[in-house]
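The values are calculated or read from the model by the stated rules, or taken from the named source; none is laboratory data. Computed from a predicted model, the values in this text were never measured in an experiment. When we count neighbours, we look across all protein chains shown, and the Cβ atoms used for this are built from the backbone with ideal geometry, even at glycine. Each accessible area value is taken on the protein alone, full model and side chains, heavy atoms only, with ligands, DNA and RNA left out. Shrake-Rupley method; radii C 1.70, N 1.55, O 1.52, S 1.80 Å.
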Amino acid sequence: MLKRLLKSDAGVRAAGALAGAIVRLINATTRWERVADPAAAALLAGDQPVIGAFWHNRLMLISAVWPKGKPIAMVQSEHGDSRILGIAVSEYITRPIWGSSRRNPMAALKGMLRALQDGLSVGITPDGPRGPRMRCRPGLIHAAKRSGVPIVPGAWSVSRRSVARSWDRFIIAWPFGRGVIVLGAPIHVPADADDVGLEASRRQVEDALNAVAADADRRMGHVPIEPAPERKAGS
């Protein structure tokens, strides 16, 4: 019955509203610390758009990472879980971008480029919607190359949490604890990058995201969540 309910529009809206209330409670009752690379902090405080990159397992409190009042377009898949999370943080999202790296990558790329051209920042989970966990897909790299907009890697962690046994090891935060937000140095993808250069940038973003995620987890006393094993070439 629950699965049928969550497949309906009414069920998704209700679940999203409940999730949104939980997210607001956790944000309000968590004692947050912010650890930011100075260049990243300056970009987020300014008016120019950036591409904010976060791993899928940290979607729950993505609103804590993003500065209030800074417009953002968020890449979302039409999968039920993503729709629920989108509703939960809808008050922080200026424009949804429908598409994903797996099902509709061109729609996601075009949506990102349109948003950036319109002066909106873009938020994306480059391992979503189905992984591999903490492995960067190339969509945001192409968007950064074509737009000239820098990528800012971000992560959060909290002292009180559970980790789901899902493909992404989704982090479920609990209220009344401590939290940390970690922002890494901006990454610029050269406009003339060839295939080798694009892969180097993709790897740089992946390594940076894993570094800020591990840093956030260690600061909260947790063993860092490990990425999925790398796929072999041709697999």
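Things to note:
- Here the Karplus relation 6.51 cos²θ - 1.76 cosθ + 1.60, evaluated at θ = phi - 60°, turns the backbone of region 213-219 into coupling constants of 5, 5, 4, 4, 4, 5, 5 Hz, with x for every Gly and Pro.
- Cα gyration tensor, region 160-218 - rounded (a/c under 1.5), prolate or oblate: prolate
- Solvent exposure of region 196-235 as accessible area per residue, Å², 1.4 Å probe: 58
- Using alpha carbons only: equivalent-ellipsoid semi-axes of region 21-128, gyration tensor based, whole Å: 21, 18, 12
- Dividing the C-alpha radius of gyration of the chain by 2.2 N^0.38 Å, with N its residue count, gives 0.96.
- Within-15-Å neighbourhood charge of Y92 [Cβ basis; K, R +1; D, E -1]: +4
- Ellipsoid semi-axes in whole angstrom, largest first, where each is sqrt(5λ) of the Cα gyration tensor of region 76-187: 25, 17, 15
- Hz values of 3J(HN,Hα) by residue in region 174-181 - Karplus curve (6.51, -1.76, 1.60), Gly and Pro given as x: 10, x, 6, x, 9, x, 9, 10
- A protection proxy built from the mean count of other Cβ atoms within 10 Å ranks the segments 17-27, 211-221, most packed first, as 211-221, 17-27.
- Short-range pairs are left out: with C-alpha atoms under 8 Å and at least six residues apart, the relative contact order of the chain is 24 percent.
- Residue-count net charge about R178 - beta-carbon cut-off 10 Å; Lys, Arg +1, Asp, Glu -1: +2
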